[in-house]
Amino acid sequence: MDYIICERPGEFVLKKKEAPKKGVREALLKVKKVGICGTDLHAYTGNQAFFTYPRILGHELAVQVVEIDENVQGIQPGDKVVVMPYISCKKCIACRHGKFNCCTNMQVLGIHTDGGMQEYITVPIELLIPAQNLSDEQLAIVEPLAIGAHAIRRSRLKVGETIVVVGCGPIGIGIMKLAQLEGARVIAIDLNQQRLDYAKENLGLDHVVLGGSDAINNVAKITDGDMATVVFDATGHKGALESGIGYMAHGGTYVLVGLSKGDLTFHHPSIHAKETTLLCSRNATLEDFEHVIAVLEKGGFPIESFITHNVDYSEMITHFDGWLEPENGVIKAMVNF
């Protein structure tokens, strides 16, 4: 079978190997589509915090079951399933408290262990969620949307709250739309006007703000000086992460969803005066995946505009560098196997 491996930063290679055979409590899956996310882009450029090379990327997967043993989920060969790409140890302090998404020994497909950029893959049955009613495109975006759903759940968002989401990439867009469906008033911030235009036109946001020196003043005007009760960073950019607290109201919550590779510095009097609730949000849980599947089944997400680029795997290597360029307007690229 064919597979694509990232040998080192900046180098993909298309290779062949024997198809895998499923082991005990595993399923053999045919990969149909792989979504490209910020983690993949950062891994390719050498800026992913938890990454080692060489590695087969890909954890946003649309797959169909080829072989599977009897299982409690009732999944059969031929079924469409969502893959939760987080392999947890089930033994550590986080797992013992049900926080499998931040297991101390976490292995994420496509990051710590080889992922789905191959024609077939085997995964533990426990990572599969039945999703017969979803299209392949919908299957492949469940995971990134679940990350947004988890961040929202962490924030304890209330109906009617005004929030700021910094970063109109795929994760940020997911947070915006899912929060909007929860009844929040959403302000989007980005340095890319094209991304802001997308958020306004396709998500129906009332307020978008161009990042920069005037952004805090503009948020203040929109909120009559109150600022946002919840701020989400979906950039992973050091400068954005450190400055996002400026958009937050006194008594508010700041949720770090994007991941920076280095250290962060906050001005303590600024975060202390606001009695800031500072949260990090990592991965997602089964509850978040199931929530997103339900949203997609109801047609609650603009998938047609969200997926902007779609290529066969044999052409991916020649396209990948272009997906890094903002002027190409990539929101979500997909690779077909």
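Based on what the data block shows, is Ile152 part of a strand (DSSP E or B) and either over 22 Å from Met84 (Cβ atoms) or not assigned by TED's automatic domain parsing to the domain that holds Leu61 (or both)?
Working: part of a strand (DSSP E or B): no; either over 22 Å from Met84 (Cβ atoms) or not assigned by TED's automatic domain parsing to the domain that holds Leu61 (or both): yes.
No.
Taking the conditions exactly as written (touching a Ser or Thr at 6+ places or on another chain (Cβ under 8 Å) and surrounded by fewer than 21 Cβ atoms within 10 Å (Cβ to Cβ)), does Asn192 satisfy them or not? Let's see the steps before the verdict.
Numbers: touching a Ser or Thr at 6+ places or on another chain (Cβ under 8 Å): no; surrounded by fewer than 21 Cβ atoms within 10 Å (Cβ to Cβ): yes.
Here the answer is no, as Asn192 does not meet what is asked.
Would you kindly identify the helices (runs of 4 or more DSSP H) lying entirely within the stretch 167-274 that contain at least 1 residues that are in the same structural domain as Gly35 (by TED's automatic domain parsing) and in contact (Cβ under 8 Å) with a residue 40 or more places away in the chain?
Values: elements: 170-181, 193-203, 215-222, 238-243, 268-273.
It comes to none.
A quick yes/no check of all residues on (1) touching a helix residue (DSSP H, G or I) at 6+ places or on another chain (Cβ under 7 Å); (2) more than 21 Å from Val82 (Cα to Cα); (3) of a type in the set (Asp, Glu); (4) assigned to a loop (DSSP other than H, G, I, E, B):
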| site | (1), (2), (3), (4) |
| --- | --- |
| Gly299 | no, no, no, yes |
| Glu304 | no, no, yes, no |
| Asn310 | no, no, no, no |
| Ser314 | no, yes, no, no |
| Ile317 | no, yes, no, no |
| Asp321 | no, yes, yes, no |
| Glu327 | no, yes, yes, no |
| Met334 | yes, no, no, no |
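List every residue pair whose Cβ atoms lie under 8 Å apart, where the two residues are 6 or more positions apart in sequence or sit on different chains, the first residue falls within the stretch 106-131 and is of a type in the set (D, E, K, R), and the second residue, located anywhere, is not in a strand (DSSP E or B).
Pairs that qualify, where the first residue is of a type in the set (D, E, K, R) and the partner is not in a strand (DSSP E or B), are Asp114/Ile56; Glu119/Met1; Glu119/Ala19; Glu119/Phe337; Glu126/Arg25.
Checking the conditions here, which among Cys37, Cys102 is surrounded by 14 or more Cβ atoms within 10 Å (Cβ to Cβ), modelled with pLDDT of 95 or more and either in contact with a helix residue (DSSP H, G or I) (Cβ under 7 Å, 6 or more places away or on another chain) or among the aromatic types (Phe, Trp, Tyr) (or both)? Before the answer, list the steps.
Values: Cys37 fails: modelled with pLDDT of 95 or more.
Answer to the check: Cys102.
Which of the residues spanning the stretch 137-192 are of a type in the set (D, E, K, R) and at positive phi? Break it down into steps so the answer makes sense when it comes.
The first filter runs over the stretch 137-192 and keeps only residues of a type in the set (D, E, K, R), leaving 137, 143, 153-154, 156, 158, 161, 177, 182, 185, 190.
Passing the criteria: only Arg156.
Can you find, within the stretch 73-104, the residue that is farthest from Thr285 (Cα to Cα) among those that are basic (Lys, Arg) and assigned to a loop (DSSP other than H, G, I, E, B)? Steps first, please.
Start the filter on the stretch 73-104 by keeping residues that are basic (Lys, Arg), which leaves 80, 90-91, 96, 99.
Adding the requirement that they be assigned to a loop (DSSP other than H, G, I, E, B) leaves 90-91, 99.
On the way: Lys90: 14, Lys91: 17, Lys99: 8 Å.
For the stretch 73-104, the residue satisfying everything is Lys91.
Restricting to the stretch 252-265, and then to whatever is over 19 Å from the mean Cα position of the chain (by Cα) and buried (at least 16 other Cβ atoms within 10 Å of the Cβ), can you tell me which residue is farthest from Arg282 (Cα to Cα)? Steps first, answer last, please.
Taking the stretch 252-265 first, the residues over 19 Å from the mean Cα position of the chain (by Cα) are 252-253, 262-265.
With the extra rule that they be buried (at least 16 other Cβ atoms within 10 Å of the Cβ), the set shrinks to 252-253.
Numbers: Gly252: 20, Thr253: 16 Å.
Here the answer is Gly252.
Restricted to the stretch 105-126, and to residues that are under 17 Å from the mean Cα position of the chain (by Cα) and not in a loop (DSSP other than H, G, I, E, B), which residue is surrounded by the fewest Cβ atoms within 10 Å (Cβ to Cβ)?
Out of the qualifying residues, it is Gln107.
Consider Leu145 carefully, then state whether it is of a type outside the set (Lys, Arg), in contact with a helix residue (DSSP H, G or I) (Cβ under 9 Å, 6 or more places away or on another chain) and in a loop (DSSP other than H, G, I, E, B). Even if it seems obvious, please write down each step before you answer.
Details: of a type outside the set (Lys, Arg): yes; in contact with a helix residue (DSSP H, G or I) (Cβ under 9 Å, 6 or more places away or on another chain): yes; in a loop (DSSP other than H, G, I, E, B): no.
Criteria not met by Leu145.
Since Ala249 meets every condition but one in (1) within 29 Å of Gly35 (Cβ to Cβ); (2) crowded, with 18+ Cβ neighbours inside 10 Å; (3) of a type in the set (Gly, Ala, Ser), which condition does it not meet?
Going through the list (1) within 29 Å of Gly35 (Cβ to Cβ); (2) crowded, with 18+ Cβ neighbours inside 10 Å; (3) of a type in the set (Gly, Ala, Ser), Ala249 breaks only (1).
Please go through the stretch 219-272 and pick out each residue that is of a type in the set (Asp, Glu) and within 14 Å of Ile189 (Cα to Cα). If you could, list the steps in order and put the result at the bottom.
Looking only at the stretch 219-272, we keep the residues that are of a type in the set (Asp, Glu), and these are 224, 226, 233, 242, 263.
Selection gives Asp233 alone.
Please give the number of the condition Glu287 fails out of (1) on the phi > 0 side of the Ramachandran plot; (2) surrounded by fewer than 20 Cβ atoms within 10 Å (Cβ to Cβ).
If we test Glu287 against (1) on the phi > 0 side of the Ramachandran plot; (2) surrounded by fewer than 20 Cβ atoms within 10 Å (Cβ to Cβ), just (1) comes out false.
The values are calculated or read from the model by the stated rules, or taken from the named source; none is laboratory data. For clarity, every value in this text was computed on a predicted model and none was experimentally measured. Glycine also receives a Cβ, built like all others from the backbone with ideal geometry; neighbour counts cover every protein chain displayed.
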